[in-house]
1. First select every other residue whose beta carbon is under 9 angstrom from the beta carbon of residue 14; then total the charges, Lys and Arg +1, Asp and Glu -1.
2. What ratio of Cα Rg to 2.2 N^0.38 Å holds for region 5-284?
3. If you take the square roots of the eigenvalues of the alpha-carbon gyration tensor of region 29-71 and sort them as a ≥ b ≥ c, do you get rounded (a/c under 1.5), prolate (a/b over b/c) or oblate?
4. Which trypsin sites (Lys or Arg not before Pro) in region 75-140 sit in a loop by DSSP (not H, G, I, E or B) and have at most 10 other Cβ atoms within 10 Å of their own Cβ?
5. What does the helix-only formula give at 222 nm for the chain: each DSSP H stretch with n ≥ 4 adding -39500 (n - 2.57), the total divided by the residues, and the result rounded to the nearest 500 deg cm²/dmol?
6. Enter the accessible area of residue 134 (Å², nearest 10), with the probe set to 1.4 Å and all protein chains included.
7. With both partners inside region 5-284, how many of the DSSP beta bridges are antiparallel, as a percent to the nearest 5?
8. Counting Lys +1, Arg +1, Asp -1, Glu -1, what net charge surrounds residue 184 among other residues with beta carbon under 9 Å of its beta carbon?
Amino acid sequence: MAVKQLAYIVFDITPDKLPAMKDIFEKLYQAPVLQGSDGSLKVRLDGRDFRLMLRPGDSDRMAAVGWEVEDKAALEKLVAAVEAADLPVARASAEVCAQRSAQEIATFTDPAGFPVELFIEQPFEQKADFGFVCGEGDNGVFGLGHLVQACGDLQKALSFYKEVLGFFEVDEIDWKEVNADLRFLSCNNRHHSLALINEALGLKGGQIDHVMLQAKSLEQVERAYEALDELGVVLSQTLGEHSNDHVRSFYFLTPAGFRMEFGYGGKVVEDRDSWEFAVYPGPSNWGHEPVNV
Ligand SMILES: [Fe+2]
């Protein structure tokens, strides 16, 4: 039994950067952003109360990665596996569960230092459609997008996510030119919900490289690309196509210091049994040229 989907991410953001972060989601991604009474911003991508939460904080950091599990039995089985891997697990309070719109949450820090929340979802109306491939629908389970985590010990983190949390390794980018090794992990129909990278490209273990959100149309991505300058958003990699999953996307730098990717299309994992693992020598078929570095 494994995790079902990447369901939410919570960031702490220093208050001076919150307005610019809000603009990115509202104007670049064109997603609804609601403001909570505590000043938190909730970014909606589908019917869920929030998929990304930006809380006013003392520093810019990723505060929680919410991995949804199917039910109570799945939660307890995964918690036992995490504890057996010598990672202490705590239970979130009712207040925290309410903030996350979750029924029950088990929290721990993964081997690379990332804050994980395994949780049981609070049922919600699925029908809201804001133009993102997100969550669960008729076509399958996709989650909110994907996340790339840098790890001091890549093999240790990879073993943890595969063997303890049950992720499926779909492929690898062995980018020798820059000594980067990227491992792509799937937990549903999305090609990857999580990618792990060694300490390369200036990343240190415990840092994220980027969060990717997926549009339902290529036009959304192209329009956002055209709007970057007008919105004062700093491009990080030009429009391009990835070698492994064939997603067309671009990358930009957020004011909070991490990058984000906006993409369209790409391979879907229909059947793990017939999936063929592959190793690619670089990340892109075309484009994705680094800029502003
Ligand atoms: Fe990505």
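The values are calculated or read from the model by the stated rules, or taken from the named source; none is laboratory data. Nothing here was measured: the structure is a model prediction, and the numbers come from that model. Backbone-built Cβ (ideal geometry, glycine too); neighbour counts: all protein chains shown. Areas reflect the complete protein model, heavy atoms only, side chains present, ligands, DNA and RNA absent. Shrake-Rupley method; radii C 1.70, N 1.55, O 1.52, S 1.80 Å.
1. On the way: positive: 17; negative: 12, 16, 58, 60.
With Lys, Arg at +1 and Asp, Glu at -1, the net is -3.
2. On the way: Rg = 17.7 Å, N = 280, 2.2 N^0.38 = 18.7 Å.
So the Cα radius of gyration is 0.95 times the expected 2.2 N^0.38 Å.
3. On the way: a/c = 1.93, a/b = 1.18, b/c = 1.63.
Oblate.
4. On the way: sites: 77, 91, 100, 127; in loops: 127.
Here the trypsin sites (Lys or Arg not before Pro) that fit, given the DSSP loop and packing criteria, are 127.
5. Values: 5 runs with 46 residues, N = 293.
Helix contribution divided over all residues of the chain: -4500 deg cm²/dmol.
6. Its accessible surface works out to 20 Å², give or take rounding.
7. Once the DSSP bridges in region 5-284 are tallied, antiparallel ones form about 70 percent.
8. Working: positive: 183; negative: 169, 171, 172, 245.
Within the 9 Å Cβ shell, the charges total -3.
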